[in-house]
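The structure appears right after this line, and notes come after that.
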Amino acid sequence: FSKLEPSAVEAMAIKLTYFNIPALGEPIRLLLHISGLKWEDNAISFDQWKTMKPSAKWGQVPYAEFPNGKIVAQTKALARYFGKLSSLESSMPGEKLLYPRDEFSALVVDEFIEVCEDIRMKLTPTFTIQEQSEKEAARAALFAPGGACAELFVKLEANVGAYAAGDYMTLADVWAFWMMSFLRSGFWDGLPASCLDRYPKLNAICSRVKSHPAVCSYYSKQDGKLYGSFRRAEDKPIEVGYWAIRGLGAPLRMMCEYASVNYEDKQYASGQEWFGAEKERVLALNPLANLPYVIIGDKCICQSNTCMTFLGDRFGLNGSTAQEQIDCRQLLDEIYDLRNSMIDLAYPFRKVNRTKEEYEASARLQVSERCPAAYKKLEGWLSHKNTPFFVCDRICTADFHIFEMIDQHEKLAASCKEASALSKFPKLKAFHENMMANPRLEAYFASDAHKLPCNNPIANAYFG
């Protein structure tokens with residue numbers, strides 16, 4: 001786009017033309033969504049294509065019209081191009097791109113995609129079979145043990161690890177997700193959704209991509225019947241239960257918003273609402289019933305950090321490597337120390353502050369001394385990691401609770417007319433600003449949930 005003025009690029013969108021089905025154009029749509037580029041989905045019918053085809057560049061779809069007026073077709077060419085502009089692992093420009101910069105890594109990604117294409121090309125000729133029962137039998141045979149497609153899936157399964165190619169999510173993982181989801185979509189008569197259940201490593205790769213917040217947010221808006229296999233299946237909304245305050249409920253609510261999942265924010269405004277039938281209901285699911293809790297179907301999870309890591313596992317937010325997962329848990333434990341000092345400050349029943357006057361003196365001390373001591377460690381961690389977020393280059397589970405505690409202390413500083421402790425910690429300040437500016441959290445920050453008191457008025461908290 002270098003030949004266009006910046007204002008022109010911002011005003012114009014890439015226009016992708018393809019049929020209104022999740023076939024060859026689908027990975028390009030997903031990549032455009034992940035990239036954050038402005039784009040238009042020109043989804044057409046087969047009848048529309050009949051009149052468009054004679055004037056199309058190669059007589060094929062998908063094709064993309066760029067702001068500079070150029071038209072480019074061919075699925076894999078477009079996928080590689082947009083893969084160079086996108087990442088599911090990093091928010092840093094040029095880092096962990098879906099289509100790697102390293103030439104050998106890119107070669108391995110291409111190899112995986114070409115094997116997937118071999119599978120598709122063995123299946124495509126079945127469209128020419130006129131007799132429906134014969135067509136379905138031919139497709140079933142391809143995916144039965146020993147069938148041509150099944151044999152290639154066996155080889156793919158044997159050659160992948162935690163990821164399809166390399167040690168992080170690449171275009172190969174996206175391709176596996178798209179192909180397997182499309183094969184299960186119901187588009188292919190004769191192929192049941194269970195036809196790929198024999199490949200656990202490939203299915204784990206698909207689940208990881210499907211759980212990524214960027215992918216969830218895209219497919220949550222796709223309502224067509226063919227898109228069911230692309231979405232995470234939720235029989236009921238995830239239920240997040242907590243007091244009608246921010247407290248330990250805020251990180252869980254933020255995680256659900258960030259992942260764009262269907263969830264119910266169950267807020268208890270009084271002890272009468274929780275201690276009674278509601279707690280008995282949760283006790284029937286989990287003898288450790290407490291607030292907060294997370295309920296999915298007949299599964300109930302309690303205890304704050306466990307609820308966060310459970311959702312993190314489900315949304316792909318706990319880190320991609322073993323070290324990142326360890327770091328995430330360390331940080332969740334670390335930020336609890338700062339939270340505990342806030343609880344000592346805010347509630348009279350801890351007997352740290354027995355009067356309002358004692359609270360006011362302690363609040364100033366919290367902002368000027370205790371908070372900076374905790375921030376010094378967090379600033380040091382960010383400097384050591386050299387990443388914009390605490391675990392890696394993208395938002396992970398621990399970031400939500402760390403943000404919440406920083407944000408509560410910002411509110412505390414304002415309430416007692418003290419300067420923000422963030423002024424002396426530039427990396428921490430940038431982290432707080434990045435979280436506030438994240439478009440996936442925009443709806444949460446504008447919601448009533450974010451405007452709730454930080455601590456519980458029913459427990460006579462000094463600081464709300």
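The values are calculated or read from the model by the stated rules, or taken from the named source; none is laboratory data. Being a predicted model, the structure only gives us computed values, none of them experimental. Reconstructed Cβ throughout: ideal geometry from the backbone, glycine too, with neighbour counts over all protein chains shown. These area figures cover heavy atoms from the full protein model, side chains too; ligands, DNA and RNA do not enter into them. Shrake-Rupley method; radii C 1.70, N 1.55, O 1.52, S 1.80 Å.
What the table below lists for this structure:
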item	result
Over the stretch 348-450, equivalent-ellipsoid semi-axes from the Cα gyration tensor in Å	26, 17, 12
Length-normalised contact order of the stretch 166-244 in % [C-alpha pairs under 8 Å, at least 6 apart]	33
Computed E for ASN68/GLN272 - FRET, C-beta separation, R0 41 angstrom, nearest 0.05	0.05
Highest average packing first - 83-90, 270-277, 168-175, Cβ atoms within 10 Å	168-175, 83-90, 270-277
Accessible carbon and sulfur surface of the chain relative to its total accessible area, %, 1.4 Å	53
Segment ALA148-ALA43, length gained on full extension (0.36 nm per residue, minus Cα span)	34.6 nm
Qualifying trypsin sites (Lys or Arg not before Pro) in the stretch 291-354, DSSP loop, other Cβ atoms within 10 Å at most 11	LYS351, ARG354
Accessible heavy-atom area order of ASP448, ASP337, ASP344, highest first, probe of 1.4 Å	ASP448, ASP337, ASP344
Rg over Rh [alpha-carbon atoms, Kirkwood Rh] for the stretch 102-220	0.99
Highest average packing first - 404-415, 195-206, 44-55, Cβ atoms within 10 Å	404-415, 195-206, 44-55
Largest-first principal axis extents, alpha carbons of the stretch 96-148, Å	47, 22, 14
Over the chain, relative contact order from alpha-carbon pairs under 8 Å, at least 6 apart, %	11
Inter-site label distance for ASN434 and ASP102 at 7 Å from Cα along Cβ, in nm	2.3
Average accessible surface area per residue within the chain, 1.4 Å rolling probe, Å²	46
ASP167 versus VAL115: modelled label distance in nm, points set 7 Å from Cα along the beta carbon direction	2.1
Two-site FRET efficiency, LEU365 against PHE445, from Cβ-Cβ distance with R₀ of 25 Å, rounded to 0.05	0.30
Length released on extending from ALA56 to SER423, taking residue separation times 0.36 nm less the Cα-Cα span	126.4 nm
Folded to 0 to 90 degrees: helix 371-385 orientation relative to the chain principal axis, Cα	30
Mean projected area (nm²) of the alpha-carbon convex hull when the chain is viewed from all directions	26.3
Set of aspartates and glutamates near LYS424 by C-alpha distance (under 19 Å), chain-local residues within fewer than 8 positions excluded	GLU369, GLU379, GLU404, ASP407, GLU410, GLU433
Residues ASN20 and SER207, FRET efficiency given R0 of 35 Å [Cβ-Cβ distance, rounded to 0.05]	0.85
Calculated [θ] (222 nm, deg cm²/dmol) that DSSP helices of n ≥ 4 give over the chain, each run adding -39,500 (n - 2.57)	-15000 deg cm²/dmol
Computed over the stretch 160-296, Cα set: Rg, Dmax in Å	18.7, 55
Among beta bridges that DSSP assigns inside the chain, antiparallel share in %, nearest 5	50
Semi-axis lengths (Å, descending) of the ellipsoid that matches the C-alpha gyration tensor of the stretch 259-374	30, 24, 11
